[in-house]
Amino acid sequence: MILVKRNVDAEAIYKEVAALMVERRQCVALTGAGVSAESGIPTFRSKGGLWEKYDPIEFASIEAFRKDPSKYWSLRGEFIKDYDRYQPNKAHLALAELEKRGIVRCVITQNIDGLHKKAGSKNVIEIHGNLMEICCLTCGKEYKAPNIPEEMPPHCSCGGILKPNTVLFGEELPADVFMKAKEASAGCKIMLLVGTSAIVQPAASLPYLAKQNGAKIIEINIENAFPDADYFIMEKAGTALPNVVGEIDKIRRVNLI
């Protein structure tokens, strides 16, 4: 089921959104866990998500990591070891295709799974870091998942504890990375909100920044998270984004005739 603005039918809204994207072009996508759910990666805040089962402060805060890193690694360890079996889905691939066509300028993602880059997106701003990049807290040696020591929690060859390059609860976002995200949001003409709860700060401020600077907001989600969106498509990202690409193809074919 697709709910659309002013009760317009689904096909019409896809055409309208596609036309807007072709016209304005300068589009930025802000993605959340819902994009990767179709790749088999658990979400965090949705019903049945990780944070319903585990207290994030106990398992995923920087303070807890310093006290007992094994708790964090008990959640992340198997995923990191099995990383190669997780593949981009149709949503990731559609965003990469839209970048190739010069419509999507960049992807700002709250996800730490690296699947946007794996799908072929070149300009990706990972504001919460990347789970595949592992470093030693003692000597700084870098590892690339899934090629990390077997023990849990894993230790560097120097004996130091390894930590993924991700932002844990209680840590500040890297200032330079978030500044890039703000600049991209303030300068875009369209922001695609895809699979995000739009409640985690400071990322949740980005669509408001975009809208304040005149951007249209298109939300694709299984439930409406951003009430000020100009368009809301109630659908999984892996279905909706390929539909948008398909409508853009139709527009281009007509213009070539």
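Values quoted throughout were computed directly from the atomic coordinates according to the rules given, and no laboratory measurement underlies them. Note that the coordinates shown come from a computational prediction; the quantities given were computed from them, not determined experimentally. Quick reminder, even Gly has a Cβ in these numbers, built from the backbone with ideal geometry, and neighbours come from all protein chains shown.
Summary table
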| read-out | value |
| --- | --- |
| Relative contact order (percent, whole number), the chain, Cα cutoff 8 Å, 6+ residue spacing | 26 percent |
| Mean-position separation - Cα centroids, region 161-227 and region 14-29, in angstrom | 19 Å |
| Electrostatic dipole magnitude of region 132-257 [Cβ: Lys, Arg +1; Asp, Glu -1; Cα centre; debye, to 20] | 480 debye |
| Order by protection proxy (mean Cβ within 10 Å, highest first), peptides 101-107, 225-231 | 101-107, 225-231 |
| Cα gyration tensor, region 170-228 - rounded (a/c under 1.5), prolate or oblate | oblate |
| Highest average packing first - 193-201, 20-28, Cβ atoms within 10 Å | 193-201, 20-28 |
| GNM result for the chain, Cα springs below 10 Å: residue of M191, M132, M179 fluctuating most strongly | M179 |
| Top of L168, L206, L75 by mean-square fluctuation, Gaussian network on the chain, Cα under 10 Å | L75 |
| Charged-residue dipole, Cβ positions (Lys, Arg, Asp, Glu), the chain about Cα centre, Debye nearest 20 | 760 debye |
| Environment charge at I125 (Cβ cut-off 12 Å; Lys +1, Arg +1, Asp -1, Glu -1) | +2 |
| Separation of the K122 and R252 label points, Cα + 7 Å toward Cβ, nm | 1.5 nm |
| Tensor-based shape of region 55-113 (alpha-carbon gyration tensor, a/c under 1.5 rounded, otherwise prolate or oblate) | prolate |
| Helix-only CD estimate at 222 nm, as mean residue ellipticity for the chain, using -39500 (n - 2.57) per DSSP H run (n ≥ 4) | -11500 deg cm²/dmol |
